[in-house]
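A short write-up of the structure that comes next.
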Amino acid sequence: MGIAASELCRYVIRPTLIYLGQYSRTAESLLLGIAASQSALGSALHDRRGHGLYRITEPRHRALWDDYLALDPERASLVRGLASQHAFLSGPQLELTVNLRYATAIAWLLVEQHRPALPSPDDVLAMARIWREIFHPQGRLCDYTRAWQTWVSPENQLAC
C-alpha cells in the first residue's frame, strides 16, 4: 500500500510546489496522477524503471541537472536545498527514493522542462497525455486514467 493521496498532496506535493513558486491545482493534480501511475503512490519505490514515487531514472535525473538546472544556478540551489546534505553527494539517485519533496521537485522540473500547456485540474485525459509524453512514452492513456481512478479519485475531494 502506498501513501494516502490526501497526505501526499497536503504534506509533500503542495509544499514543494509552493517552495518552488510553481503551485497550481493543475500542477498538484498532475504530480499526484504521475505518482499514482508510476508507483501506485509509493507502493513500490524502486524497480528497473526508475527511483521513487515518480520512477525517475538515473540518466534522466543527471540530464536534468546537467542540461536544465545547470543553466539556472538560483533554481539549482533552491532544488539542492531540498536534498540531504551528505547523501546527495554520495548517491543523488537515492534522494529520488527516500526524499519525497526532492523527488517531487525533480518530477515537476521534468514537466517544466518540456513546457506543456497545463490543462484544467480535472482534465485527467490531458494530464495522461503529459504523463505519457514526459514520464512513460510507451504507456497507454488508460494506464494513467486507471491509476487515477484507483489511487486518486476516491480521495480526490479531500486530496486536492
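Every number in this text was worked out from the coordinates using simple rules, so none of it is lab data. Not measured: the values here are computed from a predicted model. In this analysis, Cβ positions are derived from the backbone assuming ideal geometry, glycine residues included, and neighbour counts consider all displayed protein chains.
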Helix axis angle, 58-67 relative to the chain longest principal axis, alpha carbon, degrees: 60 degrees
Selected from Ser77, Ala36, Leu110, residue furthest toward positive end of dipole (the chain; charges at beta carbon): Ala36
Cα-centred dipole magnitude for region 1-59, charges only on beta-carbon of K, R (+1) and D, E (-1), debye, nearest 20: 80 debye
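Fewest to most neighbouring Cβ within 10 Å: what's the order for Glu133, Glu112, Glu95?
Arranged by neighbour count, lowest to highest, Glu133, Glu112, Glu95 become Glu133, Glu112, Glu95.
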Angle between the chain longest axis and helix 25-39 axis [Cα atoms, degrees, rounded to 10]: 90 degrees
10 °C / 1.306 mPa s Stokes-Einstein diffusion coefficient of region 1-120, Kirkwood radius on C-alpha pairs, µm²/s: 111 µm²/s
Other-chain or far-sequence residues with amide H under 5 Å of His51's (modelled H): Ile56, Thr57
